[in-house]
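We did not get these values from a lab; they are worked out from the coordinates using the rules stated. As the structure is a prediction and not an experimental result, all values here were calculated from the model. Quick reminder, even Gly has a Cβ in these numbers, built from the backbone with ideal geometry, and neighbours come from all protein chains shown.
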Amino acid sequence: MKIPRTVWLYGLGAILLYAFFQIMIMTGMLSTYYTVTLITIGINIILAVSLHLIIGVTGQFSIGHAGFLAIGAYVSAILTMNFSFPFPIAILVGGLAAALAGLLVGIPTLRLKGDYLAIATLGFGEIVRIILLNIEYVRGAAGMPVSHKTTWTYVFIFLVLAIVVIHNFTNSRHGRACISIREDEIAAESMGINSTYYKVIAFAIGSLFAGIAGALYAHNFYVIAPKDFGFLKSFEVLIFVVLGGLGSLSGSVIAAAFLTIVSNFFQGFADIRMILYSLVLILIMLYRPQGLMGNMEIGDLFKKGRRSKGGEGIGA
């Protein structure tokens, strides 16, 4: 089986990107502050692409993503801190725990549509937060101490894994079924597509990677608390997807990176940080309401460029 040239190019680009930042970190050219920012960008991208699968591809308006983030964070933290599990295993178990929660929540709630689904998922996220707030085993509101184990290498590996899995799923038979559900659920069901089945699959995969992001998030700091996983966190991830462009995986990646940088830049203006952050979002949505990428991918831009060059040649 011949591997397409674009796959080799993307693979080489990913290796060069990893090597560049890893050398910068190892040589001390990238300070601790910028290293933490880089890792935060990677975690936010994983969160964005996982929600992109649920909202952008399948068209299910979920605003409870912080709940899956919290499950992955706390399960992995309990495994590493209380049972001395290796960090990679704790990441995977945290992701699987979030995926299981996604299945348990998705099966009954994904029969709902629109605003009702949004309210149900928001309620799930708040239920998870309140439960964690009242469990003494994880120290409730005081927060659970966690050792710092997240590195650029771990984040990059799971970031690439998330993008590859979600990209391949979207372009598979299952992904096309999810897109048809997004476009017209009644028409899709009339063609024999089991909409609930495909919505639950997409929800579980999105929850899996949200849980993995949660495990990386928990071990990137020294304390995690239920307040870190409130509904505002869900809305933050939702903004990444909407700003990037619904239906665009590349857009989710770009928006997550861009907004993380903007948010960190405004940390020096603590009093007016959220005002400035909101103004940036308003301006972008006023002048680019379809999102940064619309429904296009990065590859589509290169194809469009090649077509325009070809057209000029023919005209000449």
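Read phi for every residue in region 250-265 and hand back ³J(HN,Hα) as whole Hz from Karplus 6.51 cos²θ - 1.76 cosθ + 1.60, θ = phi - 60°, with x for Gly and Pro.
The phi angles translate into 4, x, 4, 5, 5, 5, 4, 5, 4, 6, 5, 5, 4, 4, 5, 5 Hz.
Give me the distance between the Cα centres of region 1-67 and region 110-175, rounded to whole Å.
16 Å
Run the numbers on region 11-134 and let me know its relative contact order in percent, using alpha-carbon pairs under 8 Å that are six or more apart.
Value for region 11-134: 28 percent.
At 0.36 nm per residue, and after removing the present C-alpha to C-alpha distance, how many nm does the segment from TYR33 to ILE275 gain when stretched out fully? Write out the running numbers ahead of the final one.
Numbers: separation 242, 0.36 × 242 = 87.12 nm, distance 2.34 nm.
In short, 84.8 nm is gained.
If you rank VAL241, VAL57, VAL280 by fewest surrounding Cβ atoms within 10 Å, what's the result?
VAL280, VAL57, VAL241
Using a 10 Å cut-off on Cβ atoms, rank the peptides 108-118, 124-134 from the highest mean neighbour count down.
My ranking of the peptides, most packed first, is 124-134, 108-118.
What spacing in nm lies between the two simple spin-label points modelled at LEU286 and GLN22, each 7 Å away from Cα in the Cβ direction?
So the label points at LEU286 and GLN22 sit 4.5 nm apart.
With N set to the residue count of the chain, report its C-alpha Rg divided by 2.2 N^0.38 Å to two decimal places.
Here the Cα radius of gyration is 1.03 times the empirical estimate.
Considering amide H positions built from the backbone, and no H for Pro or chain starts, which residues 5 or more places from VAL223, or on another chain, come under 5 Å of its amide H?
Here the answer is VAL146, since their amide H atoms fall under 5 Å of that of VAL223.
Please compute the contact order of the chain in relative form: average sequence separation of alpha-carbon pairs under 8 Å and at least six residues apart, divided by the residue count, as a percent.
Normalised by residue count, the contact order of the chain is 29 percent.
Where does each of TYR198, TYR287, TYR217 land when they are ranked from fewest to most other beta-carbon atoms within 10 angstrom?
TYR287, TYR198, TYR217
For a protection proxy built on the mean count of beta-carbon atoms within 10 angstrom, sort 135-141, 221-227, 93-99, 159-165 highest first, please. Walk me through the numbers on the way to the answer.
Values: 135-141: 12.7, 221-227: 17.1, 93-99: 24.9, 159-165: 19.1.
Answer by packing, highest mean first, reads 93-99, 159-165, 221-227, 135-141.
In whole Hz, with x marking every Gly and Pro, tabulate ³J(HN,Hα) for region 115-127 from phi via Karplus 6.51 cos²θ - 1.76 cosθ + 1.60, θ = phi - 60°.
4, 5, 5, 4, 5, 5, 5, 4, x, 4, x, 5, 4
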